[in-house]
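Step one of this worksheet: look at the structure below.
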Amino acid sequence: MNNKVKAVAVVAGWLGVVVGGCLIAKDPESPAAKGWEAEPASTAPAYSGPDPEQADVLQDFESVTASAGLGPGVANAGVNPAGCVAGRNHLGPTNGTQQTELLNGLVEHGWQITRRRTDPVVVALSKGTWVLTVAPEPPSGPPVLSLIAIRDTAACEKQLAAR
């Protein structure tokens, strides 16, 4: 049981770093965004459907992680103010093929890759008002693949800043 508590603590800490980075690094030229590289313009059409709800985002996560062979994940429901955050963590190592399949699956579900970071490895995507960060293997601790999506609206920004 102690290992599970440690794993949850590591995941929660990593979630804080990723969520904080997403909120701080909206401007690609800001110091917080250092190390990020903009993704070349995509030839795929931009997502034009209705703005996804939190349940839609989580369904995308379930579908693409299962297709990539990652199995069930652990939801991050505790940090969600009024549908502004959708998160899923997968404990255990992932390989490059699974990560590629995961990103390809997200693109097939309408997510567009907007930028990447190589150290640590992080990929940012967007769909509607949602901004998703995919972070495999944190720098220390047990291996975790984190998918954290934050709704980029004024109402959500206000709720998240109040936490």
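The values are calculated or read from the model by the stated rules, or taken from the named source; none is laboratory data. Not measured: the values here are computed from a predicted model. Because the Cβ atoms are built from the backbone with ideal geometry, glycine has one as well, and the counts that use them run over all protein chains shown. Heavy atoms of the whole protein, side chains included, go into the accessibility calculation; ligands, DNA and RNA do not. Shrake-Rupley method; radii C 1.70, N 1.55, O 1.52, S 1.80 Å.
Quick look at the numbers
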item	result
Solvent exposure of segment 81-163 as accessible area per residue, Å², 1.4 Å probe	44 Å²
For peptides 129-136, 108-115, sequence by mean Cβ density within 10 Å, most packed first	129-136, 108-115
